[in-house]
Amino acid sequence: MSDQGATTAHEQLGTGSSSQDASLERIVELLKAKDDTSRFVGLALLKSTLDSSEQLRNDKFVVTTIWSSISAKFLDRLLRTGSKPGARQADAKEMLDLAANVIYTFAVLLPEDAKAEDKLLGRIPLLVNAIIQSSEETTDFIVKTLLTIVSSSSEGSDALAAVQDWSPLIEIAPKQPLVLSILSWTWINGTHDAKVMSQRIDECISSLCASYKGTDAVTLLDFLGKILGRLNTDLLLERPTWLPAAIAFVHDLARSKPTAMSREAYTNCAANLLVTYGDMASQILFRDIFKSSKSLSYLFVSLILIDLRSSLPNLLAKLNTAEYPAISERLTSALIILSFFINHLLEMIDLAESEDIFQEVQPDLLLKLRDSVMEALSLVLEYLRDRWDAAVSGAQGLHPDARSAEAHTGSGSLKTLAWDSKHESASEDRLLLAALKSLGDWLREDDAPGLRREATGLIDLLMDLYQPSTAARIGLATRPLVLGVLDGILKEDDGVQALLEYNGWSILSQDLILILLNSEKTGRSEHELGQHISAILMALSESKSTTPDDWLDLITGVAAYDVPALSQPPISLQQLWADLLELCISLLMKAPPGVKRRYTHSASALGGIGKVICQKDLEDDIRRQIQSATAQLYDDSILSRSQ
C-alpha cells in the first residue's frame with residue numbers, strides 16, 4: 001500500500017490507538033490483496049481482532065468500512081470449497097468455519113440498512129447449502145446468521161424465501177429449533193406470490209413432519225401453534241397434506257405423560273389447527289372418540305378437560321405473575337378445543353337421525369365426557385365471576401353503584417378496591433372470550449337446567465361486556481359471544497327475569513336501532529348480529545302477555561328508518577329488515593288498545609317500510625315473512641285505520 005493509501009486507511013479506521021490502527025490497516029491490506037492466501041490470513045486476523053475488541057465491534061463506521069474491504073466472491077469460494085463432500089477434510093472444514101464465523105459476525109455488527117444489502121443477502125443460498133457438510137459448531141453459526149438476517153428486514157426474509165431448496169434446514173430442524181424461527185420470520189415477514197409460496201409452505205411442513213418422526217415433536221407443535229395464528233391465510237392451502245401427521249403428533253404427545261412444556265405445545269397447536277381448518281381438523285382430532293376409553297382422541301379430550309378443572313381454581317391468584325400469560329394462553333386454547341368438541345358432538349347427534357353412527361359408541365363414555373364437560377364449564381363460570389368481580393369492584397357482591405366510586409372515611413376519600421391484570425383488562429382477556437364461546441355453545445343445546453341457572457348469575461357481567469362502559473371496551477367480536485350465552489340462559493324463566501332486571505331490553509334494543517341505522521354501510525356480521533338481537537328480544541316479548549310501554553321506543557326508532565335505495569340488498573340485510581318488522585309488529589299487537597291508538601302513526605310507517613322493502617328484489621321466504629307480519633296491521637281493528 002502506498003503512503004497516500006496508508007494515510008487514507010489510517011484516517012478512515014482511526015480508533016485512537018496507533019497499534020490498533022496499524023493492525024486494522026494491515027488487515028484491510030490483506031483483505032484487498034489479489035491472492036486468496038493473503039485474504040484468508042486477513043479474515044483470520046480480522047476475526048481475532050474483532051473478538052478481542054468490544055470497542056471495534058461497537059464502531060459501526062469501522063465495521064462497515066472493513067466489511068466493504070471483504071470480497072464477496074472470496075467468501076463464496078470458501079463456502080463452496082468447504083461444502084464439497086470430496087474436499088480435503090481439514091482444509092475444507094477450516095475454510096467453511098472461518099467464512100461462516102466471519103459472516104455471522106458482520107450479520108450481527110452491521111447497521112440495519114447494510115443487513116438488507118445484497119452483499120450480505122447474497123450469501124444466504126451458499127450458507128444454506130453448507131449446512132449438511134458443516135460441523136455442529138459451524139451449523140450453529142450458520143443458523144444464527146440466517147435468523148439474524150431474516151429477522152432484520154423483509155429483504156432478508158425474501159432472500160431466504162428465494163432459496164429453492166430448504167431441505168438442509170428441514171433436516172437439522174429437530175436438533176436446531178432456531179430453524180423453525182427462521183422459517184417463521186421468512187413466511188410471515190416476506191413479500192410472496194401467495195399461490196407459489198402456499199404450495200412451498202405446505203411441502204415444507206410436510207417434510208418437517210417427516211423429519212420429526214421418532215421424536216416427541218414438541219418444538220414442531222409449538223411452532224405450528226404460533227405460526228398458524230400469524231400467517232396470512234392466503235399462504236395456507238385449504239386442504240394441507242400435513243394435517244393428519246400434525247394431529248398424530250398431538251395425540252402421541254398427549255398419551256406420553258406430557259410435561260408442562262409438551263402440554264402447552266399440543267394444546268395451543270390443536271386449538272390453532274381447529275381455528276384454521278375447522279371441520280377438517282375436527283373430524284381427525286375427535287375421530288372414534290366414543291368407541292373406546294383407550295382411543296387417542298378420547299384420551300386427548302379427557303386431558304384437556306382435566307387441565308381446565310385443575311388449573312382454573314388457582315388461576316386468579318396468578319393473574320399478575322410472570323407465568324400468567326402462558327397459562328392463560330394454554331387455557332384459552334383448551335376452551336377453544338372444548339368449543340369445537342361440543343360442536344362436533346352436536347353434529348354427530350344431528351347425523352344420528354339419518355345415519356347409524358352410534359352403533360359402535362359406548363354410551364358410558366358419552367355420559368362420562370358429558371359430566372366432565374359440565375364440571376369444567378361450572379368452574380369456568382366460577383372463574384368468570386371471580387375474575388370480573390376482581391376487575392370491576394374488588395370483591396364479589398358489591399352493588400354496581402360502588403364500582404370505581406370513592407369511599408369517604410375519616411382520613412379522606414379513597415377509591416374502592418379493584419384490581420386487574422397488568423397484561424390486559426378483563427374485557428379484553430382472550431380467556432374470557434373463549435369461555436363465553438364454549439358456554440354459549442353448550443348452554444344453547446344442553447337440556448340440563450343446572451348450568452343455565454348458574455350462568456344466570458353472570459347477567460351483570462354479560463351486560464357490562466355488551467355495552468360500552470368503564471367496565472368493558474367492546475368490540476364486535478364480544479357481542480355475538482354474549483348473545484350466545486343469553487340464548488341458553490333465556491331458556492329458563494329465571495334467566496328472562498334476570499336479563500330484564502339488568503336493563504337488558506334497553507341495552508339490546510338501543511344497539512339494534514344503531515345497527516339498523518348503519519346497516520347500509522356495514523356488512524354481514526353486523527346484520528347477523530342485529531338478527532340475533534331481534535330473536536332475543538322476541539323471546540323476551542313472548543314472556544309478557546302485554547307489551548310494556550317503554551319497550552315501544554323500539555317501534556319509534558324503527559318507524560323513523562329511511563329504507564336505502566338498493567334494488568337488490570344483501571340477503572343478510574333483507575333478513576334483518578324482516579326480523580325487525582316482525583318484532584315491532586308483534587310488540588304492537590300485544591299493546592293495550594289505548595297504547596295502540598297512540599302508535600297509529602308509527603304503525604302506518606312500519607306498513608310503509610314493509611311496502612318499500614317488498615318492491616325490491618328479495619328472497620321469496622323473506623318476502624313472505626314481511627308480508628305476513630305487515631298483514632297483521634291490516635287485520636287489527638285499531639291499527640288498520642292508519643294503513
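Looking only at the range 186-196, residues that are part of a helix (DSSP H, G or I) and either surrounded by fewer than 20 Cβ atoms within 10 Å (Cβ to Cβ) or more than 23 Å from the chain's Cα centre (by Cα) (or both) come to 5 in all. Taken over the range 604-628, the criterion of being within 15 Å of A565 (Cβ to Cβ), within 40 Å of the chain's Cα centre (by Cα) and not hydrophobic (A, V, I, L, M, F, W, C) is satisfied by K616, D617. The single condition among (1) under 23 Å from the mean Cα position of the chain (by Cα); (2) under 19 Å from L369 (Cβ atoms); (3) charged (D, E, K, R) that D288 does not satisfy is (1).
Based on what the data block shows, is L537 crowded, with 21+ Cβ neighbours inside 10 Å, within 25 Å of G457 (Cβ to Cβ), in the same structural domain as E582 (by the TED database) and touching a residue at least 40 places away in the same chain (Cβ under 8 Å)? Here the answer is yes, as L537 does meet what is asked.
When we screen A591, A578 for residues that are buried (at least 17 other Cβ atoms within 10 Å of the Cβ) and in a loop (DSSP other than H, G, I, E, B), the only hit is A591. Determine if the range 291-302 includes at least one residue that is surrounded by 18 or more Cβ atoms within 10 Å (Cβ to Cβ), within 23 Å of the chain's Cα centre (by Cα) and either without any contact (Cβ under 8 Å) to a residue 24 or more places away in the chain or assigned by the TED database to the domain that holds E382 (or both). Within the range 291-302, one or more residues are surrounded by 18 or more Cβ atoms within 10 Å (Cβ to Cβ), within 23 Å of the chain's Cα centre (by Cα) and either without any contact (Cβ under 8 Å) to a residue 24 or more places away in the chain or assigned by the TED database to the domain that holds E382 (or both).
The residues on offer are S152, S181, and the sole one that is surrounded by fewer than 20 Cβ atoms within 10 Å (Cβ to Cβ), on the phi < 0 side of the Ramachandran plot and of a type outside the set (A, V, I, L, M) is S181. Of the residues making up the range 229-254, those that are in a loop (DSSP other than H, G, I, E, B) and closer than 21 Å to T219 by Cβ are G229, R230, L231, L236, P240, T241, W242.
Of everything listed in (1) under 18 Å from G557 (Cβ atoms); (2) out of contact with any helix residue (DSSP H, G or I) (no Cβ under 7 Å at 6 or more places or on another chain), the single unmet condition for A591 is (2). If the condition is being touching a Phe, Trp or Tyr at 6+ places or on another chain (Cβ under 6 Å) and part of a loop (DSSP other than H, G, I, E, B), then the range 159-185 contributes only P174. Scanning the range 204-253 for residues that are of a type in the set (F, W, Y) and loosely packed, with under 13 Cβ neighbours inside 10 Å yields nothing.
Screening the range 398-482 for helices (runs of 4 or more DSSP H) wholly inside it with 2 or more residues that are over 30 Å from L366 (Cβ atoms) and modelled with pLDDT of 90 or more returns the ranges 459-466. Would you check if there is a residue in the range 130-146 being more than 21 Å from K93 (Cα to Cα), in contact with a helix residue (DSSP H, G or I) (Cβ under 8 Å, 6 or more places away or on another chain) and not aliphatic (A, V, I, L, M)? For the range 130-146, residues more than 21 Å from K93 (Cα to Cα), in contact with a helix residue (DSSP H, G or I) (Cβ under 8 Å, 6 or more places away or on another chain) and not aliphatic (A, V, I, L, M): absent.
Where helices (runs of 4 or more DSSP H) sit wholly within the range 106-158, those with at least 1 residues that are at pLDDT below 95 and of a type in the set (A, V, I, L, M) occupy 112-115, 124-130. Enumerate the pairs (first residue in the range 500-529 and assigned to a loop (DSSP other than H, G, I, E, B); second residue anywhere and hydrophobic (A, V, I, L, M, F, W, C)) with beta-carbon separation below 8 Å, excluding pairs fewer than 6 apart on the same chain, so at least 6 apart or on different chains. These pairs meet every condition: Y502/I459; Y502/M463; N503/M463; S519/L573; S519/L576; E520/L566; E520/L573; T522/I515. Against the list (1) within 20 Å of D441 (Cβ to Cβ); (2) part of a loop (DSSP other than H, G, I, E, B), the condition S292 fails is (1). Every condition in (1) within 17 Å of C269 (Cβ to Cβ); (2) free of Cβ contacts under 8 Å to residues at least 40 places away in the same chain holds for S339 except the one numbered (2).
The values are calculated or read from the model by the stated rules, or taken from the named source; none is laboratory data. The structure displayed is predicted, hence computed values, not measured ones. Methodologically, a virtual Cβ is constructed for each residue, glycine included, from the backbone with ideal geometry; neighbour enumeration extends over all protein chains shown.
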